[in-house]
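Supplied in structure tokens, the structure appears directly below.
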Amino acid sequence: MPTYRDEAVVLRTHKLGEADRIVTLLTRYHGQIRAVAKGVRKTTSRFGARLEPFMVVDIQCYEGRTLDSVNQVETLGAYGREIIDDYAAYTAASAMVETAEKLTSSSDEQPQQYLLLVGALRSLSKAEHAPSLILDSYLLRALSIAGWAPNFLECARCSKPGPHRAFVIQAGGVVCDDCKPAGAAVIDEATNQLLGALLSGDWHIADASSERSRSAASGIVAAYSQWHIDRGLKSLQHVERE
């Protein structure tokens, strides 16, 4: 039976029988996989705690017809405990792994999505920034990797240089007054600047933003994410915002 080894993030788990678990993972080079981890729910299991959501692991699996089987697991990033102990970080991480699962469900190799998720989980576990900022930055960048990069600079319809105040989800970003449809969401310059900083990873600007701008930016990011991700994100409704 063929075996393979890869780095992986644990996205979610399901109970199987009395002692086993089905684990959904996003690997660096094999895309998203589902594997059976036998006996991990027993107290004597050697690697049960390593196969919990938000953990980053080095994993060896046997290939199966429908589900692979976990053979060996080594911890690379033990982020689960720190994230779970902080409710805001936990809800943000839950939205991240749900996003990663949906964006990578139909592809084989996703190293960029994998590395982005690992970096976001690491940042959450170390409390480097506000959880809501890390989540919104992750969502914008994950969608960009998937081919849905939002535009916060020039008009998304006619390319007129900005800044512009209207954001149209269907257009993929801000639009000028001439292209603005009725009912378009209107954002101020500070919110637009924050959105651009979250997309580019400019944490100096993001960390200095006001609570008002963060709240407005989160609304835009949530709406944009729900529009592009099939069946939406259930975890977003539970995210704790500042």
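The values are calculated or read from the model by the stated rules, or taken from the named source; none is laboratory data. Just so you know, these numbers come straight off a predicted model, no measurement behind them. When we count neighbours, we look across all protein chains shown, and the Cβ atoms used for this are built from the backbone with ideal geometry, even at glycine. With ligands, DNA and RNA removed, areas are computed over all heavy atoms of the protein, side chains included. Shrake-Rupley method; radii C 1.70, N 1.55, O 1.52, S 1.80 Å.
Here are some conditions: (1) at pLDDT below 95; (2) over 20 Å from the mean Cα position of the chain (by Cα). VAL175 meets all but one. Which one does it not meet?
With (1) at pLDDT below 95; (2) over 20 Å from the mean Cα position of the chain (by Cα) applied to VAL175, the lone miss is (1).
A further question on this structure: Name the residues in the range 99-117 that are touching a Gly at 6+ places or on another chain (Cβ under 7 Å) and buried (at least 19 other Cβ atoms within 10 Å of the Cβ), would you?
THR104, GLN110, listed by residue number.
Still on this structure, I have one more. Residues in the range 3-32 that are at pLDDT 90 or above, farther than 15 Å from VAL118 by Cα and not in a strand (DSSP E or B): how many?
Qualifying residue count, the range 3-32: 1.
OK, next. Filter the range 216-242 down to the residues that are open to solvent by less than 20 Å² (accessible area, probe 1.4 Å) and on the phi > 0 side of the Ramachandran plot and list them by number.
Across the range 216-242, the qualifying residue is only GLY232.
Cβ-Cβ under 9 Å, sequence separation 6+ or interchain: first residue in the range 67-84 and over 12 Å from LEU121 (Cα atoms), partner hydroxyl-bearing (Ser, Thr, Tyr) and part of a strand (DSSP E or B). Which pairs?
ASP68/TYR4; ASP68/TYR62; SER69/TYR62; VAL70/TYR62; ASN71/THR3; ASN71/TYR62
Considering the range 160-215 alone, what residues qualify as being open to solvent by 20 Å² or more (accessible area, probe 1.4 Å), within 18 Å of ALA149 (Cβ to Cβ) and part of a helix (DSSP H, G or I)?
GLN193, GLY196, LEU199, SER200
Check whether at least one residue in the range 216-230 is without any contact (Cβ under 8 Å) to a residue 60 or more places away in the chain, outside any helix (DSSP H, G or I) and farther than 21 Å from TYR114 by Cβ, and report yes or no.
no
Taking the conditions exactly as written (within 21 Å of ALA95 (Cα to Cα) and either touching a residue at least 12 places away in the same chain (Cβ under 8 Å) or β-branched (Val, Ile, Thr) (or both)), does SER200 satisfy them or not? Step through it out loud before you land on a result.
Details: within 21 Å of ALA95 (Cα to Cα): yes; either touching a residue at least 12 places away in the same chain (Cβ under 8 Å) or β-branched (Val, Ile, Thr) (or both): no.
Criteria not met by SER200.
So, one more: Would you check which residues across the range 64-88 are at pLDDT 90 or above, over 17 Å from VAL10 (Cα atoms) and surrounded by fewer than 16 Cβ atoms within 10 Å (Cβ to Cβ) and list them?
Residues satisfying the conditions are ASP85, TYR87.
Can you find a residue that is over 27 Å from PHE54 (Cα atoms), assigned to a helix (DSSP H, G or I) and touching a residue at least 40 places away in the same chain (Cβ under 8 Å) anywhere in the range 137-157?
no
Within the range 52-85, how many residues are farther than 26 Å from SER106 by Cα, in a strand (DSSP E or B) and not acidic (Asp, Glu)?
Going through the range 52-85 one residue at a time, the tally reaches 1.
So, one more: Anything in the range 13-55 that is in contact with a Pro (Cβ under 7 Å, 6 or more places away or on another chain) and surrounded by fewer than 16 Cβ atoms within 10 Å (Cβ to Cβ)? List them, or say none.
Answer for the range 13-55, where residues must be in contact with a Pro (Cβ under 7 Å, 6 or more places away or on another chain) and surrounded by fewer than 16 Cβ atoms within 10 Å (Cβ to Cβ): just TYR29.
Listed residues ALA35, ALA49; which is free of Cβ contacts under 8 Å to residues at least 40 places away in the same chain and assigned to a helix (DSSP H, G or I)?
Working: ALA35 fails: assigned to a helix (DSSP H, G or I).
Answer to the selection: ALA49.
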